[in-house]
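This report refers to the structure that appears directly beneath it.
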Amino acid sequence: MDNRPAEEATCMTCDICKMKTSAGIEDTLHFGEWMNKSDVKVHYFCLLLSTHLPQKGEDHGGILGFLLRDIRKEIHMAKQRTCMYCEAKSANIMCHICKKYYHLVCGHTNLCLSEFTGEFKSYCRACIPLNEKQKQMMKAEIEPYDYTCYICKTGMGFYSPYSWIEAKCCNNGYVHRVCIKKYALNSGYYLICIWCKSKEFREDVKRLGVFVPDRDANWEREKGAYRDLHRPSLRCDMEICHCPKGRDFLSNKWKIIRCTLCGLVGAHNPLCIPGFEKAKQPLKEIKCDTCSVIEHTLVKAANQSRNINETLDIDTSLYMTKTCRGTTVSPHSEITEFSDEDSEDSKVTIINNALISNTMSMTDIVVPLLTQSTETESLLEKSQDKQHVSTDKSYDLHNMNKSLDKCVLQSTETEKLIEKGSKKDASQDMAKTLEKCVSNENGNALLQLENCNKESSGPPPPHLIQMAVDHMLALFDP
């Protein structure tokens, strides 16, 4: 993160809101870290607060759970929305009350409020929900120095429900929004009420528009923060110690070296280190067996995550879970979504799964009927060729096709029953209907086959009889 002042830091343009801000510490407090992956560069708070942008992935997917195709879709859709303040396009945040849109930067300038928890609801300045105490404070004539910020020790200024943050857990005082934002960003998990030390304060300030990262405090993440916790091991902890004077003996020849990772396991260097007993020079560092296994596991997991995400420049400790309300889609509509590929022109068309499911169910019903009818048709054609039955007395395929169409129509009506009524009862009706349909079709086919045989010059050939028997056994085989 760039700690230079906003005017000195490099300015960048967010792909979602099209607003230009810097990477300085002040803009980072208000708009979040800059997130950059592939061809997408956005404010992190634009991802969290965009009303119509869902979070469908985990912390390692896309940009902290926001998939690239969803981000590109939001960029495209935001171009059609107008900001209620600056009247420019690419407004991405909708007021939960009045349903009007505004930019992230315009919302900050006009004192709008956004929650950093749950569904990440946002409110324009006119729609911010106020409790009774806040309403009374709005009416009261409060001087700028009547109240003092508990953090910076300066006057709170004129009252504003946006700028003044009060601890709901104890109501013991007020702090500036900017002051509590800095405190929360540095504290992470360790953010507690600065008056009563309540842990509920952490969730309360999220609803008051303060971003609290789910990570360790900055002072815990500093390099060498746990240096004082390491205690030197002054004995050899190897399974076999070759020192004739014991594990605790120290001399120029029998020096102790500790594990460079945990600092808890020691060994006489190099005479007691497995595999280096005969080394002429002492080793510069060693790693105990436990640390070696842990390091190998972490490196392997990091490599896999790097190959999948390519997000080495994204701090995953900023990941937050966003709950989105479900959206309905017309079952007969085609939805064009942007792909996760790097190319901007790559798009995929998603066909509604319900249509595929219905098509498969109809196929499961119709295909067996078509198969049975085809086999019967083939059987009759062979009988006509063998017995030289005249064309006017042959099996009428046209009538058979009509019967098949009738079966398909009955199957379609039965499927509609499944959608409207009880699935169990409708399935039983469908089974009875199909059984009746198949029985009628095969009964009619066999009756006409029998008539063909009677009018022929003699009994049907044995192979034709065997084919008919096998066909019937296949139909009624459980």
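Values as computed for the structure displayed
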| item | result |
| --- | --- |
| For the stretch 1-155, fraction of C-alpha pairs farther apart than 24 Å, in % | 41 |
| Apportionment of accessible area to carbon and sulfur, the stretch 15-107, percent (1.4 Å) | 50 |
| Virtual paramagnetic centre 7 Å along Cα→Cβ of SER292, amide N under 17 Å, in the stretch 255-281 | 257-279 |
| By average C-beta atoms within 10 angstrom, highest first, the peptides 258-266, 204-212 | 204-212, 258-266 |
| Convex hull per residue volume in Å³, alpha carbons only, for the stretch 151-227 | 99 |
| Accessible area of the stretch 116-195 belonging to carbon and sulfur atoms, whole % at 1.4 Å probe | 50 |
| Label-point separation in nm, ALA279 to LYS99, each point 7 Å along Cα→Cβ | 7.2 |
| Sequence ranges 193-199, 87-93, ranked by mean other-Cβ count within 10 angstrom, highest first | 87-93, 193-199 |
| √(5λ) per eigenvalue of the Cα gyration tensor, the stretch 58-102, largest first, Å | 25, 12, 7 |
| Full-stretch length increase - ASN131, MET77 - with 0.36 nm per residue and alpha-carbon distance subtracted | 16.0 nm |
| Radius, Kirkwood style, for the stretch 64-172 when every pair of distinct Cα atoms is counted (Å) | 16.2 |
| Where ILE192, ILE314 fall by accessible area, highest first, once all protein chains stay in place (1.4 Å) | ILE192, ILE314 |
| Table column - 3J(HN,Hα) (Hz), the stretch 88-104, Karplus curve with 6.51, -1.76, 1.60, x for Gly and Pro | 9, 7, 6, 7, 10, 10, 10, 5, 5, 9, 8, 6, 8, 9, 7, 7, 4 |
| Inter-label distance for ILE25 and SER160, nm, one decimal - labels placed 7 Å from Cα along Cα-to-Cβ | 2.2 |
| Linear extension gain, TYR190 paired with SER251, 0.36 nm per residue minus alpha-carbon span | 17.4 nm |
| Along each principal axis, Cα extent of the stretch 134-286, largest first, Å | 85, 24, 23 |
| Solvent-accessible area of GLU285 with every protein chain in place, 1.4 Å probe, in Å² to the nearest 10 | 110 |
| Between the stretch 143-166 and the stretch 4-79, the alpha-carbon center distance in angstrom | 31 |
| Percent of Cα pairs exceeding the 16 Å cut-off, where the set is the stretch 254-302 | 42 |
| Rg in Å to one decimal, and Dmax rounded to a whole Å, for the stretch 118-191 via C-alpha atoms | 13.3, 37 |
| Contour minus Cα-Cα distance for HIS60 and LYS168 (0.36 nm per residue) | 35.4 nm |
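The values are calculated or read from the model by the stated rules, or taken from the named source; none is laboratory data. Computed from a predicted model, the values in this text were never measured in an experiment. Positions of Cβ are backbone-derived with ideal geometry, glycine not excepted, and every protein chain shown enters the neighbour counts. Just the protein is used for accessible areas: all its heavy atoms, side chains included, with ligands, DNA and RNA removed. Shrake-Rupley method; radii C 1.70, N 1.55, O 1.52, S 1.80 Å.
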